[in-house]
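**Q** Provided herewith is a single structure, encoded as structure tokens, for subsequent inquiry.
The values are calculated or read from the model by the stated rules, or taken from the named source; none is laboratory data. Predicted, not measured: the structure shown is a model, and the values here were computed from it. FYI the Cβ positions are ideal-geometry reconstructions off the backbone, even for glycines, and counts take in every protein chain you see. Surface accessibility is based on the protein's heavy atoms, side chains included, excluding ligands, DNA and RNA. Shrake-Rupley method; radii C 1.70, N 1.55, O 1.52, S 1.80 Å.
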Amino acid sequence: MKEKTAAERGTRTGFTTGACAAAAARAAVLGLAHGQVPEEIESLLPNGSRVRFAIHDGRCGPDHAHAMVIKFAGDDPDCTDGAHMTVDLRRLPGEAGVVSYVAGDGVGTVTMKGLGLEVGGPAINPVPRRNIADNLREAAPALLAEDGIEVTISVPDGQVMAKKTTNARLGVLGGISILGTTGIVKPYSTAAWRASVVQGVQVAATAGYDMVALTTGGRSETFAMTALRAERPELPSACFVQMGDFLRYALDEVVAQGIGLVVLALMVGKLTKIAQGETITHANRSEVDTDLVAEIARRIGATPEDCAAMAAAETARFGAELMVERGLGDAFHQALAQAAIDTLTAPDRYGRAFQIRVLVCDFSGVQVADVLSAPAEPHERPASAGRTGIDHLPES
């Protein structure tokens with residue numbers, strides 16, 4: 001087989017831990033249902049596409065089944081690349097349709113609030129849970145019509161892998177998290193991926209609508225499309241660009257192309273990073289400033305006790321959810337969105353080179369804020385914008 005060029009290697013996508021676990025679970029449930037675990041299966045991804053996975057170490061009995069998928073991360077510098085995503089299923093007689101989850105060896109346990117997961121439960125995120133359940137029910141509907149399934153996910157050496165992540169700071173102990181919102185891993189740190197963001201903005205500039213909607217991934221893009229097309233049904237897909245973590249490159253190109261309106265569709269974590277001045281928002285590059293989250297809460301009338309709890313937390317989500325509980329959710333998200341706008345429109349950033357609209361959604365995809373900046377004054381184009389270098393904007 002011909003060796004891939006460096007450019008080709010830089011753009012290879014891979015699969016999330018959640019997608020690999022779902023594929024292993026699908027293979028294992030086929031073993032429970034039919035008496036043999038297949039050596040290859042086609043698995044459903046969260047984004048609706050289907051991918052074939054090789055299955056290893058398949059074995060089964062009347063009430064138990066075992067399967068493993070080796071994770072391929074593509075060209076993303078992912079510490080879980082090559083991980084043996086291992087699933088053991090146990091039949092739950094008489095518990096029709098029930099799918100429960102257990103953290104096996106190498107999968108973390110949640111010990112703190114703010115992750116959207118039950119404290120004390122396995123660090124298996126909601127989208128992978130749904131994806132696993134969808135695959136189980138699709139592959140073995142007759143079995144699930146009568147019994148339930150307990151899903152134990154294990155990752156050999158997961159504790160070692162977790163040391164290369166922020167899991168411990170987030171209260172996930174004992175291993176890695178099972179993650180993924182689309183099932184696909186895109187290489188975040190390559191020049192090719194940054195270039196694709198720039199190219200996306202360039203394409204948006206040719207669409208004739210003088211606007212671009214920048215999102216961080218599949219969920220925020222779906223949210224943005226729903227919200228903006230409710231106002232302007234004719235907006236083409238070209239107006240929507242998944243910038244990932246590369247806000248700086250996207251906004252520099254917005255200035256270069258003379259686009260008048262930027263819509264940022266975000267959730268609270270990335271929004272907080274932008275408000276604190278980060279323009280490369282990947283978790284490995286910067287931490288969320290929970291002191292800022294607490295300060296925003298103080299401004300809208302949160303109690304000193306709540307502000308202290310938010311400052312001590314490890315995630316912005318903890319603060320957002322606490323403010324919702326206190327009836328201050330709308331005010332909090334509006335204030336945080338305004339803080340992000342104030343940061344980006346500062347004279348040493350982008351000034352008023354374009355107008356900014358920030359749409360904020362919660363983790364269920366429901367809109368919780370909509371804030372618009374002052375109109376653009378294109379003559380204020382910042383001298384630093386539009387360069388090809390990577391050091392022209394401060395990151396803290």
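**Q** Which of (1) at positive phi; (2) open to solvent by less than 20 Å² (accessible area, probe 1.4 Å) does ASP57 not meet, given it meets every other one?
**A** Going through (1) at positive phi; (2) open to solvent by less than 20 Å² (accessible area, probe 1.4 Å) one by one, ASP57 breaks only (2).
**Q** When you scan segment 206-215, how many residues do you find that are open to solvent by less than 40 Å² (accessible area, probe 1.4 Å) and modelled with pLDDT of 90 or more?
**A** 5
**Q** What's the number of the condition ALA331 fails, among (1) open to solvent by 40 Å² or more (accessible area, probe 1.4 Å); (2) at pLDDT 95 or above; (3) within 22 Å of LEU117 (Cα to Cα); (4) of a type in the set (A, V, I, L, M)?
**A** Answer for ALA331: the failing condition is (3).
**Q** Here's a follow-up. Given the residues ARG52, ARG59, which is the only one that is in contact (Cβ under 8 Å) with a residue 24 or more places away in the chain and closer than 18 Å to ALA27 by Cα?
**A** Answer to the check: ARG59.
The rows are residues; the columns are (1) in a loop (DSSP other than H, G, I, E, B); (2) more than 23 Å from the chain's Cα centre (by Cα); (3) among the aromatic types (Phe, Trp, Tyr); (4) modelled with pLDDT under 95.
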residue: ALA33; (1), (2), (3), (4): no, yes, no, no
residue: SER43; (1), (2), (3), (4): no, no, no, no
residue: ALA67; (1), (2), (3), (4): no, yes, no, no
residue: THR80; (1), (2), (3), (4): yes, no, no, yes
residue: TYR101; (1), (2), (3), (4): no, no, yes, no
residue: LYS113; (1), (2), (3), (4): yes, no, no, yes
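**Q** Looking at GLY327, GLY351, which is the one that is under 30 Å from GLU253 (Cβ atoms) and more than 19 Å from the chain's Cα centre (by Cα)?
**A** Criteria check complete, one pass: GLY351.
**Q** In addition: Would you say ALA346 is open to solvent by 20 Å² or more (accessible area, probe 1.4 Å), under 30 Å from VAL255 (Cβ atoms), assigned by the TED database to the domain that holds THR215 and of a type in the set (Gly, Ala, Ser)?
**A** Answer is yes for this residue.
**Q** Now, a different point. Pairs please, first residue from segment 205-226 and assigned by the TED database to the domain that holds VAL241, second anywhere and among the aromatic types (Phe, Trp, Tyr), Cβ atoms under 7 Å, 6+ apart in sequence or on different chains.
**A** ALA213/PHE240; THR215/PHE240; GLU221/PHE240; ALA224/PHE240; MET225/PHE240
**Q** In segment 12-49, what residues are surrounded by fewer than 24 Cβ atoms within 10 Å (Cβ to Cβ) and of a type in the set (Ser, Thr, Tyr)?
**A** Scanning segment 12-49 gives THR13, SER49.
**Q** Okay, moving on. Which condition breaks for ALA140 when tested against (1) in contact with a helix residue (DSSP H, G or I) (Cβ under 9 Å, 6 or more places away or on another chain); (2) in the same structural domain as ALA73 (by the TED database); (3) open to solvent by 50 Å² or more (accessible area, probe 1.4 Å)?
**A** (3)
**Q** For the list (1) at pLDDT below 95; (2) open to solvent by 40 Å² or more (accessible area, probe 1.4 Å); (3) assigned to a loop (DSSP other than H, G, I, E, B), I need the number of the one condition that GLU95 fails.
**A** (1)
**Q** From LEU89, LEU117, grab the single residue that is within 15 Å of LEU32 (Cβ to Cβ), of a type in the set (A, V, I, L, M) and not assigned by the TED database to the domain that holds LEU322.
**A** Only one candidate qualifies: LEU89.
**Q** I'd like to verify a number: residues in segment 102-126 that are more than 23 Å from ALA309 (Cβ to Cβ) and surrounded by fewer than 21 Cβ atoms within 10 Å (Cβ to Cβ), how many?
**A** 5
**Q** Can you name the number of the only condition in (1) surrounded by 15 or more Cβ atoms within 10 Å (Cβ to Cβ); (2) farther than 30 Å from GLU325 by Cβ; (3) in contact (Cβ under 8 Å) with a residue 60 or more places away in the chain that PRO77 fails?
**A** (1)
**Q** Out of all the residues in segment 219-251, which are part of a helix (DSSP H, G or I) and open to solvent by less than 10 Å² (accessible area, probe 1.4 Å)?
**A** SER220, ALA224, LEU228, CYS239, LEU247, ARG248, ALA250, LEU251
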